[in-house]
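Q: The structure under discussion is supplied below as structure tokens; questions concerning it will follow.
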Amino acid sequence: MGDEMLLLFLTVLLVSEFGAGLRRHGHHGLLLPPPNVHNYPVPPDQWFTQKLDHSQPSDLRTWQQRYFTNDTFYRPGGPVFLMIGGEGTASPVWMVTGSWIEYAEEHGALCFQLEHRFYGKSHPTEDMSVKNLRYLSSEQALADLATFSAAMEEKHALPEGTKWVAFGGSYPGSLAAWYRLKYPHMVHAAVSSSAPLVAKTNFYEFLEVVSDAVKAESGDTCYSNIAAAFTELEKQLADKKRWRPLGKLFRLCDPYAASDLNTSSLVSSLADLFEGTVQYNRDNREFEGAKDANITVSTLCHLMSDGAGSPLDRLAAVNAALMAVRGDKCLDYTYKSEMDKMRQESFDSPDNTGMRQWIYQTCNEFGWYQTSDAEGQPFGHRFPLTFSVQQCMDAYGTKFNQSFIDAAVAATNVRYGGRGIRVRRVVFINGSIDPWHAMGLTATRSRHAPVIYVNGTAHCANMYPSRDEDLPELKAARRRIGRLIARWLQEDDQ
């Protein structure tokens, strides 16, 4: 058996606080929620001296990057698994649970998790000013991984030829594949879960997948009632006499103030009730410790189809149900409120959830704005691409207009190859319910980079611990991933 693997596993926290979408409450993206496991001892914080700017060899500035280690399974000569942190605080609980830990125990792997620069406690600069955010990019993050891996090989006196396997989910799933692409001499294999590989400014397909999931779960009735509710909502927002009763109906924190930006912010917040639920749906919500773990697409569609009152009243009931389980007293919908939070440059700000950093990455590299521009969706058309672009300009400066974002997105696809990525020993896993599969690989193009497409599962489902109630397709996917890891660990570098 030779050496071990680095599992580049994403632990992003973006669930409904922030993410790859650039909207008011939605921002759904890549982040994997932290596990809800309190009974396991977890490893302590450790710190690695990392370079600030890998693109400039003459720049000797450094900073302290947080990481975690689990060596309880390690057998000398075994692989290394590296979990990659994403756009949120790295959780040490992932060091003791999850499917990757099951693989690590099987193969005697040494496990690391490296927190992504600018997130959690890993602060490369004194603040998050636009001047400093230029050091936040996927390229710098990949170089962080390579530098860290080389240092850990020396620190732990790993045998020559030790195999590293990268695991990641969502944005870190993309990083896992890109790490193998850009640093093939550092990482032997990668497991890339729910990874968007295509950068795209207008990610209107997100709502198309959400719409398909609603229809698949509950048929046309739920879809039609959602469409009727949003149509009526937009109609009443155009009538000043309806603003006060609407504010009471949806429990707005502030009276509705008419503006295009406020309208976009409010409508997208309500659409997000369905988007976030679809993205994660049933898959291990209790494990994540999500307050809305018992809220599924079926739950929302039951309210929309069988609830009392008009479709708009039913939408208000959906909003009230999610507010109740999350403990929200009111719906903070205003555009100004969101911008005030996004403009906070201090790492110590109570508003630092990772959103300022992640949205900067979308404006500077990825796009992925979950807009209402698709025709075949029931959520209206009041949060178009222009709304997302405006947020970029208002948060980071007028330079970040659509022309800039389009150019940045094009450069990202040239840099990594989009769906045309050419890699060996990388497995790509996507779920049919996960809207992010629209930006990923869902069919195998090379036997050296197989794709596993799991019907009926949502975002990063394969990364959680196995359960008896998991779908047979999900159980089969985890077994296949395990077989691929075992086979690749037997292969020599090519």
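Q: Based on Cβ point charges of +1 for Lys and Arg and -1 for Asp and Glu, what charge dipole magnitude is obtained for the chain about its Cα centre, in debye rounded to the nearest 20?
A: 500 debye
Q: Further question on the same structure: First compute the accessible area of the chain with a 1.4 Å probe, then give the percent of it belonging to carbon and sulfur atoms.
A: Answer for the chain is 50 percent, counting heavy atoms of protein chains only.
Q: Right, another one. Amide H of LYS200 versus every other amide H placed in the peptide plane: which residues, excluding those fewer than 5 positions away on the same chain, fall under 5 Å?
A: For LYS200, the qualifying residues are TRP368.
Q: If you count only protein heavy atoms with a 1.4 Å probe, what accessible area per residue comes out for the chain, rounded to a whole Å²?
A: Normalised by residue count, the accessible surface of the chain is 37 Å².
Q: When all C-alpha to C-alpha distances in the range 172-264 are sorted into bins of 10 Å, what percent of pairs does each bin hold, rounded to whole numbers?
A: Spelled out bin by bin, the range 172-264 gives 13, 24, 23, 20, 13, 6, 0 percent.
Q: A further question follows. I'd like to compare 62-72, 162-172, 136-146: which one has the highest average count of other Cβ atoms within 10 Å, and what's the full order after that?
A: 162-172, 136-146, 62-72
Q: Follow-up. Classify the range 393-477 as rounded, prolate or oblate, taking a ≥ b ≥ c as the square roots of the eigenvalues of its Cα gyration tensor: rounded when a/c is under 1.5, otherwise prolate if a/b is larger than b/c and oblate if not.
A: Since a/c reaches 1.5 but b/c is at least a/b, the shape of the range 393-477 is classed as oblate.
Q: Right, here's the next one. Could you order peptides 309-319, 472-482, 88-98 by the average number of other Cβ atoms within 10 Å of their residues, highest first?
A: Ranking, from highest mean packing down: 88-98, 309-319, 472-482.
Q: Follow-up. To the nearest 500 deg cm²/dmol, what mean residue ellipticity at 222 nm is calculated for the chain from DSSP H runs of n ≥ 4 alone, each contributing -39,500 (n - 2.57), summed and divided by the residues?
A: Result for the chain, helices only: -12500 deg cm²/dmol.
Q: Please state the equivalent ellipsoid semi-axes for the range 333-393: what are the square roots of 5 times the Cα gyration tensor eigenvalues, largest first, in whole Å?
A: The answer is 25, 14, 9 Å, longest axis first.
Q: If Rh is defined by the Kirkwood formula over all Cα pairs and Rg also comes from Cα, what ratio Rg/Rh do you get for the range 316-426?
A: Working: Rg = 17.3 Å, Rh = 16.6 Å.
Reported Rg/Rh, Kirkwood definition of Rh: 1.04.
Q: What's the percent breakdown of Cα-Cα distances in the chain across 20 Å bins, shortest bin first?
A: P(r) for the chain, in whole percents per bin: 25, 57, 17, 1.
Q: Given H placed 1.01 Å from N in the peptide plane, which residues other than close sequence neighbours of THR89 have an amide H under 5 Å from its amide H?
A: LEU13, GLY120
Q: I would also like to ask the following. For the range 357-427, build the charge dipole from Cβ charges (+1 Lys, Arg; -1 Asp, Glu) around the Cα centre, then report which of GLY418, PHE404, THR371 sits farthest towards its positive end.
A: GLY418
Q: Separation of the range 145-178 and the range 402-480 by C-alpha centroid, Å?
A: 20 Å
Q: Also: Taking the Cα centroid of the range 242-284 and of the range 108-143, what is the distance between the two, rounded to the nearest whole Å?
A: 32 Å
The values are calculated or read from the model by the stated rules, or taken from the named source; none is laboratory data. This structure is a prediction, so every number in the text was calculated from the model and none was measured. As a convention, Cβ positions derive from the backbone with ideal geometry for all residues, glycine included, and neighbour counts pool all protein chains shown. To get the accessible areas, we keep the full protein, side chains included, count just its heavy atoms, and leave off ligands, DNA and RNA. Shrake-Rupley method; radii C 1.70, N 1.55, O 1.52, S 1.80 Å.
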